[in-house]
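What follows is a short report on a single structure.
The values are calculated or read from the model by the stated rules, or taken from the named source; none is laboratory data. Just so we're clear, the structure is a prediction, and the values are computed from it rather than from any experiment. Counting neighbours? That spans all protein chains shown, and the Cβs are built from the backbone with ideal geometry, glycine included.
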Amino acid sequence: MKYRSTQFLITILMAALFAGIPANACTSIIVGREATQDGSVMNSQTADGWYDANLRIIPGAIHPDGTTMPVYFGLLGDEPLPPMVLGHIPQSAETYTYFRTAYSCFNEHQLAIGESTIGQKDELKTFPGEGGAILTIEQLMIIALQRCRTAKEAVLLIGNLAERYGFLGSCANDGESLSVTDPSEAWIMEIMGTGFDWTPESGPGAIWVARKVPENHAAILCNVSRIDIVDEENPDFLFSPGYKEPAIRHGWYDPASGEPFNWRKTYAPETGPWSPSSMWVRGRLHYIHKHLMPSKKWDPYAETDSYPFSFAPEKLVSVREIIEIFRSTMEGTPFSMEENATWYIPGENRNLLKSPKATPFPDRATRELLNIPYMRPIAAKTSYSFISQSRSWLPAPIGGILWFSLDLPHFSTYIPLYAGTSKTPESWSTFEKENFSLDSARWTFLLVSSLANSNYQRGIQTLKSLRDPLEEKNHRDFLDWETEGAAFARRAEEIPREWFNQKAHEKMQEAHRIYVEIAHLLIREATIIDLW
């Protein structure tokens, strides 16, 4: 009986995991320090795809002169084979401690990096094993977190290394955008390849541009280029010297025309899910702008070019605000799948009632059965997500905060971790997709998401009955931690490493335990519903 029950749960999970929801499509929101409630610079990302969500903290080290480091393809965890070495580059004399995930996101100096793949024209794409490009964005993010303290430093290092060793597209062989933040600044960087046949002898192996986000603004990355005209005389822009060269070579831009060079219009594909015309992109832009600037009338079908690079939110943004956006079901917009008319069924006196199965996240089979068109929510098929806070007025170990969540944010919860944390519980770093186990935090969160979604109208209420009190407790406890940390600072004492680790273990293990309890509740509910 135990074996059959386990197999039944795995069947449920796999049906949800491989339900045909488009993957490999992350969303990032960054907020400058004058636009946040507490004055921190905020960064965030939903890692939307079947990615490595094991959270590990990799310690910094001192390296002898002449040391090299391997660079890999396959670090995302979405490949059937383990990562393979593509080459080696010189190692830095010193590397910093960083938080490792598929797209590694944070380091001990409060540097945070989020990622969102963007489209690039086919002529720019690179492929592993063809040509000489060896640096994927996930490898570049790791190198930057190991070697950099500031956002601008990270942008320049990523750009310079990609030019030297070649940028290799790993997600659909496309380009990439990064949100890069530190306690003072926020930047958006976009990087593309120079073609499958690039070799180190043929010139720079990447083109890239970056733009600083104003301190009182927020900006959004959602799988489309957000930078158009580069003001080369403005220090708020950074760029590779040859960023126009592929466009001139391929006849996409004529310098003699006198027309300004538009990065997005020149290099982005004209059609497809990664293009500026995609509703898959525009729906997210619409919802987030509508949420953070509600007084303005935003056309849900407006073109991508109608949205600004960045904007001033109408009220100061908090961590909870971004969590709310990440949990969005696109409610209040034409893109909500839960509000599709097909979900309404005759009740007593033939009044139309919403089906208890109505969900904002229907799988492909359900959508095809009920003829519900797919509309991408903010977070879809998420492996993990994070929200970071970098605070300039505090020492880095306690100034940096990483709010980390497993699985789809709508069903999950966020755990606060300080930059000074050096170890996480084993249960948060032992997920194996072939071996279901409630001893793994990620398997537990996946199971809860699947069960709650299968009977959504009731399941989400059951989940929230335990999750919401947990989150309130987490936020209260976090305020207590801040008070404890301030006491250390007043006494001019260094906060012990174990203090950070104890807080992390306490919260991560508590969340795991509560989600096991939620899973048992949802299983009992599902059994009763099926029996009756």
### Task
State yes or no: is Asp38 in contact (Cβ under 8 Å) with a residue 24 or more places away in the chain and farther than 30 Å from Phe361 by Cα?
yes
### Query
Restricting to the stretch 372-410, what's the tally of residues that are more than 19 Å from Thr150 (Cα to Cα) and in contact with an Asp or Glu (Cβ under 8 Å, 6 or more places away or on another chain)?
6
### Task
Among the numbered conditions (1) in the same structural domain as Ser225 (by TED's automatic domain parsing); (2) closer than 19 Å to Ser177 by Cβ; (3) assigned to a loop (DSSP other than H, G, I, E, B); (4) under 23 Å from the mean Cα position of the chain (by Cα), tell me where Gln110 comes up short.
(2)
### Query
Can you pull out the residues in the stretch 370-395 that are of a type in the set (A, V, I, L, M) and either within 24 Å of Phe445 (Cβ to Cβ) or touching a Ser or Thr at 6+ places or on another chain (Cβ under 9 Å) (or both)?
Leu370, Ile372, Met375, Ile378, Ala379, Ala380, Ile387
### Task
Report yes if Tyr418 is of a type in the set (Ser, Thr, Tyr) and farther than 20 Å from Lys464 by Cα, otherwise no.
yes
### Task
Identify, from the list Arg350, Arg364, the residue that is among the charged types (D, E, K, R) and touching a residue at least 12 places away in the same chain (Cβ under 8 Å).
Arg364
### Query
What do you reckon, is Ala396 modelled with pLDDT of 95 or more, surrounded by fewer than 22 Cβ atoms within 10 Å (Cβ to Cβ) and outside the structural domain of Gln509 (by TED's automatic domain parsing)?
yes
### Message
Lys121 - would you say it is charged (D, E, K, R), out of contact with any Gly (no Cβ under 8 Å at 6 or more places or on another chain) and either closer than 29 Å to Ser385 by Cβ or surrounded by fewer than 24 Cβ atoms within 10 Å (Cβ to Cβ) (or both)?
### Response
yes
### Message
Going through Asp477, Asp439, Asp468 one at a time, which residue ends up being in contact with a Pro (Cβ under 9 Å, 6 or more places away or on another chain), without any contact (Cβ under 8 Å) to a residue 60 or more places away in the chain and under 24 Å from Leu55 (Cα atoms)?
### Response
Asp477
### Message
Name the residue that is surrounded by the most Cβ atoms within 10 Å (Cβ to Cβ), counting only residues in the stretch 135-186 that are β-branched (Val, Ile, Thr) and assigned to a strand (DSSP E or B).
### Response
Thr181
### Message
Quick test for you: out of Leu86, Leu156, Leu140, Leu81, pick the one residue that is at pLDDT below 95 and either in contact with a helix residue (DSSP H, G or I) (Cβ under 6 Å, 6 or more places away or on another chain) or among the hydrophobic types (A, V, I, L, M, F, W, C) (or both).
### Response
Leu81
### Task
Kindly indicate whether any position in the stretch 376-387 is hydroxyl-bearing (Ser, Thr, Tyr), crowded, with 21+ Cβ neighbours inside 10 Å, over 27 Å from Gly77 (Cα atoms) and under 21 Å from the mean Cα position of the chain (by Cα).
no
### Task
Could you list all residues from the stretch 330-356 that are of a type in the set (A, V, I, L, M, F, W, C) and part of a helix (DSSP H, G or I)?
Met337, Ala341, Trp343
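Each row is one residue, and each column tells you yes or no for (1) touching a His at 6+ places or on another chain (Cβ under 6 Å); (2) exposed (fewer than 14 other Cβ atoms within 10 Å of the Cβ); (3) on the phi > 0 side of the Ramachandran plot; (4) not charged (D, E, K, R).
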| site | (1), (2), (3), (4) |
| --- | --- |
| Glu259 | no, yes, no, no |
| Gly272 | no, yes, yes, yes |
| Ser275 | no, no, no, yes |
| Val281 | no, no, no, yes |
| Lys290 | no, no, no, no |
### Summary
The residue from Ala492, Ala511, Ala452, Ala504 that alone is among the aliphatic types (A, V, I, L, M), out of contact with any helix residue (DSSP H, G or I) (no Cβ under 7 Å at 6 or more places or on another chain) and part of a helix (DSSP H, G or I) is Ala504
### Query
Would it be correct to say that Ile58 is assigned by TED's automatic domain parsing to the domain that holds Pro183, over 20 Å from the mean Cα position of the chain (by Cα) and not acidic (Asp, Glu)?
no
### Condition met for Ser437 (assigned by TED's automatic domain parsing to the domain that holds Arg524, more than 23 Å from the chain's Cα centre (by Cα), outside any loop (DSSP other than H, G, I, E, B) and surrounded by fewer than 17 Cβ atoms within 10 Å (Cβ to Cβ))
no
